[in-house]
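Okay, structure first, notes after.
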Amino acid sequence: MKTFLKNSSAISASLADLGNIRGITSREVDAIQKQLGVNSIRELIPFISNGQLETVTALTPLQIKNIKRGLKLYKTAESRFPLWDAYLMGEELSKAIRQCPEVEKVMLAGSLRRGKDTIGDIDILVQLNDADRRKLLYKIARMPQVENIIAAGPHHFCVVLHNQMQADIRLAPSRYFGASLLYYTGSVKYNAEMEELAASKGFRITPEGLMDSHTGEYVAGEQEVDIYRKLQLDFVAPELREDHDILTAAAVHEIPLLVTFDQLKGDMQIHTNWSDGAESIAGIAKYMSHAFPHYHYIVITDHVSSTRTNHVLHPEDVFRQIAEINRVNALMGYDYIKKGAEIDILENGEAALSDDILQQFDWVIASIHSDFSRDNTSRLIQICKNPYVNCIGHPSGRLIGIRKPYPVNWDEVFTAAAASGTAMEINSRPNRLDLHDEQIRLAVSKGVKMVINSDARTLTHLDFVKLGISTARRGSCRKTDILNTGSWNEIEKFKAEKQQLLKK
Ligand SMILES: [Zn+2]
């Protein structure tokens with residue numbers, strides 16, 4: 001219900017607007033009106049929630065499904081999609097729409113633009129002249145990604161894609177494209193706060209522009225930033241538009257300058273075919289030096305374990321791997337590849353490998369790979385005290401939609417991490433995104449350094465860091481909060497500081 005409310009223009013719509021939905025004619029609208037005794041979409045919604053729409057005799061199951069989809073109520077019955085799937089599909093669809101010559105501009109909106117870890121549906125905003133609307137609808141209906149057009153109103157097309165995701169494509173002219181983008185990016189809570197703040201300054205925010213409350217005249221709306229400026233606010237990045245009172249910071253110019261993808265200098269968790277990855281060290285290095293030209297280093301972190309048998313590197317093979325890394329680095333002409341490891345944290349919080357092996361590595365990530373249901377606070381605090389452990393991998397252990405995070409007192413763990421000079425990972429795998437935004441904000445406020453990693457097993461996984469970046473941005477991270485925006489020298493300094501601290 002909440003997701004529907006963001007589209008308040010649809011709520012105020014009359015019942016006749018159901019006629020924009022595929023397969024619904026005035027005959028069905030009349031039947032709904034008579035049999036349920038409703039006169040508006042607002043009145044209809046409770047009947048959809050309690051299942052009474054199904055009792056209207058004139059409606060087929062497909063028509064009922066289309067009405068729910070058209071009103072954005074259908075997805076409550078379906079699962080949400082991982083951010084990565086929505087991101088790929090959103091980019092693909094935007095690109096296809098952008099290729100239509102009548103289209104002037106295309107932007108992703110909604111929770112996808114805000115970088116939420118799961119996405120209900122894809123929101124896309126298109127700038128074009130009203131006269132070209134029919135042409136665009138015709139082209140969208142024929143796009144290979146589109147299975148079905150569910151609804152087509154004057155400024156809104158709702159489509160179902162072949163992967164069963166729903167996309168809402170909204171149209172706006174250049175005059176108020178920014179106002180629509182702001183409105184359809186949300187969140188609901190953020191929009192309500194913006195509306196309240198605008199009202200206190202004599203304005204009204206609508207998808208058609210910022211209006212003067214007294215005269216009703218249009219004041220601004222071509223770009224989002226025009227509206228912020230009129231309201232004397234700093235621009236708020238979409239990732240921060242949730243319910244944590246960011247507008248107070250925007251009013252006093254305290255919005256953090258958020259980290260960006262091109263500021264990353266390296267990826268510090270990559271698995272190869274020496275453990276559970278698919279690619280060779282040389283293959284990864286060659287690919288990355290072309291695909292990520294702004295990276296200065298990468299860290300190979302295969303699972304190293306003396307007790308596990310499958311898909312791990314055994315300690316006695318570590319020196320062979322180091323020799324291979326040296327060989328590839330020699331071919332590249334510099335130490336591009338760093339020698340790392342991902343190791344297990346034992347039940348008592350000790351590292352599963354001895355200090356003399358850990359000392360062989362340039363970077364050690366310690367992760368919990370067992371006992372997912374117990375409280376792991378003491379275990380995480382204990383591992384921070386190991387001078388050779390540099391980072392905690394996927395700290396909360398959650399697998400989105402599969403496994404809940406184990407209980408942890410984050411306040412205590414982050415205090416221990418900051419005090420010991422141990423970094424915390426933002427693992428970018430779409431089903432992890434671990435740590436998540438709220439935890440990151442707490443960690444950073446306690447002075448913990450974060451590392452954004454792909455945790456890649458194949459070359460295509462290396463792109464996941466884009467999700468890590470949006471998660472870091474949702475957690476208010478600046479460039480200086482992210483360790484791997486620094487040079488390798490700075491990382492060496494970070495490691496040396498831990499050793500110094502723990503010696504005292
Ligand atoms: Zn792991």
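The values are calculated or read from the model by the stated rules, or taken from the named source; none is laboratory data. As the structure is a prediction and not an experimental result, all values here were calculated from the model. All Cβ positions, glycine included, derive from the backbone under ideal geometry; neighbour counts span all protein chains shown.
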Worksheet item: Yes or no: ASP463 under 19 Å from TYR287 (Cβ atoms), away from the ligand (no atom under 15 Å from the Cβ), charged (D, E, K, R) and modelled with pLDDT of 95 or more?
Response: yes
Practice prompt. Tell me which residues, restricted to the range 164-208, are at positive phi and crowded, with 21+ Cβ neighbours inside 10 Å.
Written response: GLY186
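Taking the range 323-348 on its own, how many of its residues are within 16 Å of the ligand (Cβ to nearest atom) and part of a strand (DSSP E or B)? Show your work before the answer.
If we filter the range 323-348 for residues that are within 16 Å of the ligand (Cβ to nearest atom), which is where we start, we get 340-346.
Keeping just the survivors that are part of a strand (DSSP E or B) gives 340-345.
Count: 6.
Which one of these is among the small types (Gly, Ala, Ser), in contact (Cβ under 8 Å) with a residue 12 or more places away in the chain and in contact with a helix residue (DSSP H, G or I) (Cβ under 6 Å, 6 or more places away or on another chain): SER396, SER420? Don't jump to the end; show me each part of the working.
Details: SER396 fails: in contact with a helix residue (DSSP H, G or I) (Cβ under 6 Å, 6 or more places away or on another chain).
The conditions single out SER420.
Could you check the range 357-370 and list, in sequence order, the residues that are without any contact (Cβ under 8 Å) to a residue 60 or more places away in the chain and either under 20 Å from ILE298 (Cα atoms) or more than 16 Å from the ligand (Cβ to nearest atom) (or both)? Give the steps one after another, and end with the answer.
Looking only at the range 357-370, we keep the residues that are without any contact (Cβ under 8 Å) to a residue 60 or more places away in the chain, and these are 357-361, 364, 366-370.
ILE357, LEU358, GLN359, GLN360, PHE361, VAL364, ALA366, SER367 - these are the residues of the range 357-370 that are without any contact (Cβ under 8 Å) to a residue 60 or more places away in the chain and either under 20 Å from ILE298 (Cα atoms) or more than 16 Å from the ligand (Cβ to nearest atom) (or both).
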Worksheet, complete the sentence: Every listed condition ((1) at pLDDT below 95; (2) of a type in the set (A, V, I, L, M); (3) over 25 Å from GLY468 (Cβ atoms)) holds for ILE322 save (1)
Worksheet item: Quick check: is even one residue across the range 371-379 surrounded by fewer than 22 Cβ atoms within 10 Å (Cβ to Cβ), small (Gly, Ala, Ser), under 20 Å from LEU433 (Cα atoms) and more than 16 Å from the ligand (Cβ to nearest atom)?
Response: yes
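In the range 263-272, which residues are part of a loop (DSSP other than H, G, I, E, B) and more than 16 Å from the ligand (Cβ to nearest atom)? Steps first, answer last, please.
So in the range 263-272, the residues part of a loop (DSSP other than H, G, I, E, B) come out as 264-265, 271-272.
Within the range 263-272, LEU264, LYS265 meet the criteria.
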Worksheet item: Looking at (1) buried (at least 21 other Cβ atoms within 10 Å of the Cβ); (2) modelled with pLDDT of 85 or more; (3) of a type outside the set (Gly, Ala, Ser); (4) assigned to a helix (DSSP H, G or I), which is the one condition that is false for ILE97?
Response: (1)
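Restricting attention to the range 81-90, which residues are in contact (Cβ under 8 Å) with a residue 12 or more places away in the chain and farther than 14 Å from ILE169 by Cβ?
Keep residues of the range 81-90 that are in contact (Cβ under 8 Å) with a residue 12 or more places away in the chain, which gives 81-87, 89-90.
Scanning the range 81-90 gives PHE81, PRO82, LEU83, TRP84, ASP85, ALA86, TYR87.
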Worksheet item: Among LYS404, LYS385, LYS449, which is among the basic types (Lys, Arg), assigned by TED's automatic domain parsing to the domain that holds ARG478 and buried (at least 20 other Cβ atoms within 10 Å of the Cβ)?
Response: LYS449
Item to complete: Look through the range 48-93, keep the residues that are among the charged types (D, E, K, R) and at pLDDT 85 or above, and return whichever of them is surrounded by the fewest Cβ atoms within 10 Å (Cβ to Cβ).
Response: GLU54
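Only one residue in SER289, SER275 is part of a loop (DSSP other than H, G, I, E, B) and small (Gly, Ala, Ser), so which one is that? Spell out the reasoning first.
Numbers: SER289 fails: part of a loop (DSSP other than H, G, I, E, B).
Criteria check complete, one pass: SER275.
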Practice prompt. Identify the single condition in (1) surrounded by 24 or more Cβ atoms within 10 Å (Cβ to Cβ); (2) over 26 Å from VAL236 (Cβ atoms) that LEU467 does not satisfy, given that it satisfies every other one.
Written response: (2)
Discussion item. For the range 302-322: of the residues being in a loop (DSSP other than H, G, I, E, B) and of a type in the set (Val, Ile, Thr), which is nearest to the ligand (Cβ to nearest atom)?
Written reply: VAL312
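With the condition kept exactly as written, say whether any residue in the range 208-220 is of a type in the set (S, T, N, Q) and without any contact (Cβ under 8 Å) to a residue 12 or more places away in the chain. Spell out the reasoning first.
First, the residues of the range 208-220 that are of a type in the set (S, T, N, Q): 213, 215.
Those left that are additionally without any contact (Cβ under 8 Å) to a residue 12 or more places away in the chain: 215.
Yes.
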